[in-house]
Structure formats: structure tokens, C-alpha cells
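Read the figures in this text as sums done on the coordinates, not as results from a lab. Computed from a prediction, not measured in an experiment: that's the story for all the values here. Here Cβ is always computed from backbone atoms with ideal geometry, including for glycine, and neighbour counts include all displayed protein chains.
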Amino acid sequence: MKSILTFTLKRIRVIVFFIASVLFIQACSTTNEKSKEITFAKDIAPIIYKNCSPCHQKNSVGPFPLLSYRDVAKRAKMIATVTANRYMPPWPADASYSHFVDEKILSNHEIELIDKWVKEGCVMGDSSELPATPVFSNGSQLGIPDLVIKMDKPYKIKGDNLDRFLLMKLPYEIQRDTFIRAIEFIPGNSKLLHHMNGEMLRYEFDKKKNVFDGEKVVDVAEFPTVKDAYEKMKLANDDGSYPIMKLSVTNFLPGVLPNLYPEGIGGFFMSRKGAFFFKDIHYGPSPIDTSDQSQLNIFFGPGPLKRPTLELQMGTLGVSPIVPPLIIPPDSVKTFLTSYYVGTSISLLTINPHMHLLGKKFWAFAIAPAGDTIPLIKINKWDFRWQYFYTFKKMVKIPEGSTIYVYGTFDNTSQNPLNPFHPPRTISERDGSMRTTDEMFQFIITYLPYEPNDENISLEGKLK
Ligand code: HEC
């Protein structure tokens, strides 16, 4: 009975969609001669090229290109819908709460322009007014790298339409400890590579003979414990102890340009022997067998810098406990808090909210000793797929004696379409929570000890 009903519903949906498409094609083909009319060339192309094309082109994750008039007019109605409901461009942070570098948000005015343009019949306009079509290279955005570290062989991805979340290591050995100014991740398979967050393992020279030993790629879900996976990858020193791990040294999300802090800020040492370690590299589903061979472009620089950045990790695996402990019973929607007392003034640069599939809302702010609230980030509709690292437009000062509060809400009901279990099960942090089906509630902050005038330093610079 249920399947007949869904089948009928599906058929009705197909018919409605078909009628809507016919009406829309007619709507789009009416011409409009008014002088103030909204045209693709003058009004719409600049919006699309800036906000959509970086992902909607052949070398990125968007399911179709949005580069030409034809590309856009063909899907005009759908584009009006996904922009009006702010499904696209994907940008989970609430822009009425806080702002960040390279925000991907359309203004209300831009959304209205798109809507009107579609209603007026998708006028092309004067092609001489059309801005140049953006060109996207699959190469470096930062210049010629000093060093390239590439996956030693392509990783084969089966055409089974499943998402993959893997651990991966890219070991290296160089002549001497070297200061790095920037790292850029270049996906080999830019259609499937959805997200990557990389750390760096620094081995003391004598403590590990061969950094190239061990598996380079593992699926942690196939191991009883995370430690077993690490052992298979031979991440430890020869004596079994673990090397220093520098967190969040590089990350990747489609359509995001590598960011670079102003002169004198950031960067770190790369030890003679080490490995980049991708704690979560996420490939989207593929219907065909394919592969990926990604690389890191490394840019050296003079160092050490005056102001190396520091990381503060709150919540899961971090310095501040989660209250109550992160256990989400089945059929419940539950909110958790983690808070941290800031003992000396700091300047925040970049923040990274992190939850898995059950995440629903994320909200972080600080309360200064004088009682005023410093907004950090509010995500009203958590989307697991868009785990941005949010860099503030200017550094944000958190004065000594403040407390940072982070609230996370998780939905473990069967109404959550991303719930991996039906019926829902108790979900918690477990064994480092490297599996997507376990949960995490984490807030990672990159910061500096505060110096006067920090709040006026712009972080919008890019290396060219
Ligand atoms: C950061 C990358 C990114 C940006 C920027 C982006 N998209 Fe997308 N878009 C995607 C991906 C990935 C999908 C596939 C569906 C999904 O993952 O939600 C998609 C899907 C779509 C769809 C299909 C939706 C559906 O229901 O099937 C439309 C239409 C669309 N995008 C339009 C746009 C428009 C218009 C813009 C700019 C205003 C834009 N996108 C910006 C990545 C992006």
C-alpha cells in the first residue's frame, strides 16, 4: 500500500514538474522591451559568476555548470527557488549575526533581481555588457609552490554511489626543518572531493626510521578502534609513542580560495620528517569507478614569524567539557553546552564549528567581564556537508576574564533525514568519534595573544 502511494505521489510530482517546466519555458521565452528591464548581461551574470560559478563548473562539485546564459536560463525557475530559500549558495552561518571573509551570501536585492529576471522572461540583454566569463584553473591560486607533496598513487573510488570518509597520510622527508607560510590543497578529483581537514605530524628525526611505512589510506569504519587504524597507518614513532600533531594546518572545501593571514602572522615549521594527516577526507558518491590523486602545494617563507597562531579546541577532544556529556538518546532533540574561561586577552582569527550527521544548530558567543556579548557564529540549520573554516573580516578581541559559550543542538529523531539509523539509536562520542555515525561537538579557534590595535587588522588579504 505504502509503495503504491509513494509511486503515485512520485508520478504526480513528475507530472507537476513537467507542467511547471512547460509553463516556465514559455515564461522564459516572452520578450520584454522595457528599457529598465533586468538582463542577464547587465544584472544576473555578475551575481552568478561571483557566487555560483566557482562550484558550478566542470572542475568542481556543482552538478551542472552555471557559466553561460543558456546554462542559467535553462534552470532559471530552479535557480530562483534555491536562491530565494537560501539553499544556494551554501553558507550555513547566519549573516545577521556575524560576518566572515569570502562570505557566500546573496543580498535580498540580488535575490529579488534573480526572481524578477525569471518572471520577466529571462532576458539576455546587450551581450556587450556581459562581464568576461570566469576562468577556473585546476592549479594553484597562490603561485608556484616551493614543494609539492602528492598522494603516492591514485586512490580508487568504486562506482557504488556511497559517500566515503577516510583517513589519509602523505608522508615526506625534507633536507631540514623549514618554515611554511602557506599550504594549498589541490584536489585530484574535484568533482568528488567534498571536504578535507588536514593536520601535520612532526617526527623527531631519530624517533622514526621510515615515515613512508604503513597504509596511506584507511576507512576507519573497518577497524574495531581508531587506535587499530592508526597502527595500520604506522603513525606512531618506532617506540610506540606518538609525535606532535599540529591541528588544522590545511583544509579544503569546494569554491573556497586558500586564505592567508597578514604578513607576520601564522605559518609553522615543517620538520625534516613528517606526514600530513587528513583526519577526514570526504569523497561524495560516484556512479562510476574513478580515482583521486590530490596534492599539497607548500609555500616556504622566512620564519619564525613574530606572531605564530595558536589553536584552542573546545568540546570533543578539547579543553572544555561538554555539559551534559554528549549522549543523545533515540527520538530526542537535545542541546549541549561547552564553555571556556579566557584567562588573558586573545584575538580570534578563524573558527571552525564541527558536528556530524545529527547536528541541527550551532551557536557560539563570548560574554565579556563587563557583561556585553561578543557574537561569534550562529548556524540555524547545520549542514554536515558545508564545514567551513570561518575567518573573521577583522580580528575579534576576547578580553581577559571573558567566557566563550558554545551551544549545539542535535536531532536524533527519525525526522532527521540524515539520521544513519532507523530506528534511531543512542549516539554519543566514542573512541575519538572519527566515524561519521558517532557524534562530535567541537569548536576549533585559531587565535593570537592580544596586542593593541588587533581589532583593526583586516584578514581579507590573499597571496597572489
Ligand atoms: C560551494 C559550492 C557551491 C556554490 C557556491 C553554489 N552551489 Fe549550487 N550546488 C552545489 C552542490 C554540491 C549541489 C548539489 C546538491 C547539494 O549538494 O546540495 C548544488 C546544487 C544546485 C542546484 C540544484 C538543487 C537541487 O535541488 O537539485 C541548483 C539549482 C544550484 N545549485 C544553483 C546554484 C546557484 C544559483 C548558486 C549561486 C547563487 C549556487 N548554486 C552556488 C554547490 C554549490
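For the residues ASP163, ASP292, what sequence is obtained by ranking on other C-beta atoms within 10 Å, fewest first?
Ordered by Cβ neighbours within 10 Å, fewest first: ASP163, ASP292.
Please identify the DSSP H helices in the chain that span no less than 27 Å along the helix axis (Cα) and have a mean Kyte-Doolittle hydropathy of -1.0 or more. Don't jump to the answer; show the numbers that get you there.
Details: long enough: 2-29 (40 Å, 1.42).
Span-like helices, by this rule, are 2-29.
Sort out for me the Cα centre separation of the stretch 291-361 from the stretch 85-120, rounded to whole Å.
That distance is 26 Å.
Grab the other residues whose beta carbon is less than 14 angstrom from that of ALA366, score K and R as +1, D and E as -1, and report the net. Before the final figure, lay out each step's value.
Working: positive: LYS378, LYS397; negative: ASP372, GLU400, GLU455.
After counting each charged neighbour, the total is -1.
Normalising by the residue count of the stretch 310-456, find the relative contact order in percent from Cα pairs under 8 Å and 6+ residues apart. Spell out each step's value before the answer.
Values: 364 pairs, mean separation 58.1, N = 147.
Relative contact order, the stretch 310-456: 40 percent.
Which Cα, out of PRO325, VAL123, HIS194, lies furthest along the positive dipole direction of the chain (beta carbon charges, K/R +1, D/E -1)?
VAL123
By how many nm would the segment from HIS422 to VAL319 lengthen if fully extended, with 0.36 nm per residue of separation less the alpha-carbon distance? Please list the in-between numbers first.
Details: separation 103, 0.36 × 103 = 37.08 nm, distance 3.33 nm.
So the extension gain works out to 33.7 nm.
So which lysines pass the test for LYS158, namely a Cα distance under 18 Å, with those fewer than 8 places away in the same chain ruled out?
The qualifying lysines are LYS191, LYS216.
Specify whether the C-alpha gyration tensor of the stretch 53-124 places it in the rounded, prolate or oblate class, a ≥ b ≥ c being the square roots of the eigenvalues: rounded for a/c under 1.5, otherwise prolate if a/b is larger than b/c and oblate if not.
Working: a/c = 2.40, a/b = 1.28, b/c = 1.87.
Oblate.
Given 0.36 nm per residue, what is the gain on full extension from SER137 to TYR242 after removing their alpha carbon distance, in nm? List each step's numbers first, then the result.
Details: separation 105, 0.36 × 105 = 37.80 nm, distance 3.84 nm.
Difference between extended and current length: 34.0 nm.
How much length is gained if the chain between GLU400 and GLU455 is pulled fully straight, taking 0.36 nm per residue apart and subtracting their Cα-Cα distance, in nm to one decimal?
Numbers: separation 55, 0.36 × 55 = 19.80 nm, distance 1.47 nm.
Gain on extension, GLU400 to GLU455, equals 18.3 nm.
If I take R0 = 35 Å and measure r between the Cβ atoms of LYS393 and GLU173 in this structure, what FRET efficiency does the formula 1/(1 + (r/R0)^6) give, to the nearest 0.05? List each step's numbers first, then the result.
On the way: r = 39 Å, r/R0 = 1.11.
For LYS393 and GLU173, the calculated efficiency is 0.35.
For the pairs LYS119/LYS381; LYS116/LYS394; LYS207/LYS361; LYS232/LYS378; LYS306/LYS361, flag any whose C-alpha to C-alpha distance is greater than 32 Å. Let's see the in-between values first.
Working: LYS119/LYS381 29 Å; LYS116/LYS394 35 Å; LYS207/LYS361 43 Å; LYS232/LYS378 39 Å; LYS306/LYS361 37 Å.
Where the Cα-Cα span goes over 32 Å, the pairs concerned are LYS116/LYS394; LYS207/LYS361; LYS232/LYS378; LYS306/LYS361.
Would you mind calculating the relative contact order of the chain from Cα pairs under 8 angstrom and at least 6 residues apart, reporting the percent as a whole number?
Numbers: 980 pairs, mean separation 84.7, N = 464.
Answer for the chain is 18 percent.
Given an 8 Å cut-off on Cα distances and at least 6 residues of separation, report the relative contact order of the stretch 147-300 as a percent.
On the way: 333 pairs, mean separation 85.1, N = 154.
For the stretch 147-300, the relative contact order is 55 percent.
LEU257 versus ILE105, label points 7 Å from Cα toward the beta carbon: distance in nm?
2.0 nm
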